[in-house]
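Below: the structure, in structure tokens.
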Amino acid sequence: MTDPRPEPDYGAMFADLCREVGLCLHPKAEKRVIAALPKGLDAGVRAVLQAEGIDEPSAPGELKRAVRDCLKAHVGKP
């Protein structure tokens, strides 16, 4: 059985990440985030924070939640 969900719109995801969360990634960082997403949302969050030079363990929980919510809205994986 095939997955009926369409491919995520990564352009819209990164635009929302920039506009709503304030984390605007360069194309190389976007590729790293896309590569991390199959490992789960937490891996995607880590990739976003790493691209911005933010230490993930000491990042505010509110920031991590905002990034995760943004990724989840576009990727839809728990």
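The values are calculated or read from the model by the stated rules, or taken from the named source; none is laboratory data. Model, not experiment: these values are computed from the prediction. Ideal geometry is used to build each Cβ from the backbone, glycine not excepted, and the neighbour counts take in all protein chains shown.
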Checklist line | Those residues of segment 37-59 which are closer than 14 Å to PRO8 by Cα and either of a type in the set (A, V, I, L, M) or loosely packed, with under 13 Cβ neighbours inside 10 Å (or both), in sequence order | finding: LEU37, PRO38, LEU41
Check: HIS74 passes all but one of (1) modelled with pLDDT of 95 or more; (2) in contact with a Pro (Cβ under 9 Å, 6 or more places away or on another chain); which number fails?
Finding: (1)
Next item on the list: Being buried (at least 16 other Cβ atoms within 10 Å of the Cβ) and farther than 18 Å from ALA12 by Cβ is the filter; apply it to segment 60-78 and report the residue that is farthest from the chain's Cα centre (by Cα).
Entry: LEU63
Notebook entry, point to check: Could you list, in sequence order, the residues of segment 27-72 that are outside any helix (DSSP H, G or I) and either in contact (Cβ under 8 Å) with a residue 12 or more places away in the chain or polar (S, T, N, Q) (or both)?
Noted result: GLY40, GLU52
